[in-house]
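Q: My structure is below; once you've seen it, I'll send some questions.
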Amino acid sequence: MLPQAFCSLSLHAASTCRCWATGALVGVTAARAIFWSIPTRFLTGIAAAGGIAFINTVGTTGGFFGPTIVVGWLDTTGSFEAGLLAMAGFLAVSTVFALLLKLVIRDE
């Protein structure tokens with residue numbers, strides 16, 4: 001989230017942008033393993049399978065809409081900055097949702 005925002009604000013410094021993009025990639029990749037264990041933590045049986053299927057559906061939908069949003073903002077503004085900031089915003093919203101799961105998941 002934050003690395004993407006800083007990267008879009010400093011597009012003229014390629015090395016800085018590369019470092020922030022690497023940080024974003026490491027953060028998203030590290031969270032991926034934990035993310036897949038969430039549905040089985042508070043769902044069982046068919047509901048857990050449905051939760052995993054929902055995660056897959058959201059990911060597939062994001063794979064379509066992410067580039068579409070970035071290109072849309074690129075056509076509108078002539079720069080990748082707005083599209084990257086939009087993606088950073090979506091990542092921030094998903095982070096808030098993940099943090100709110102602590103209210104739903106019961107302690108074991």
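The values are calculated or read from the model by the stated rules, or taken from the named source; none is laboratory data. None of these values were measured; they are calculated from a predicted model. Cβ coordinates were reconstructed from backbone atoms using ideal geometry, including for glycine residues, and neighbour counts include every protein chain displayed.
Q: Looking only at residues in the stretch 12-43 that are within 20 Å of Leu85 (Cβ to Cβ) and not hydrophobic (A, V, I, L, M, F, W, C), which one is modelled with the lowest pLDDT?
A: His12
Q: Quick one: count up the residues across the stretch 65-90 that are of a type in the set (D, E, K, R) and at pLDDT 85 or above.
A: 1
Q: Considering the stretch 74-108 alone, what residues qualify as being under 30 Å from Ser37 (Cβ atoms) and not in a helix (DSSP H, G or I)?
A: Across the stretch 74-108, the qualifying residues are Ile105, Arg106, Asp107, Glu108.
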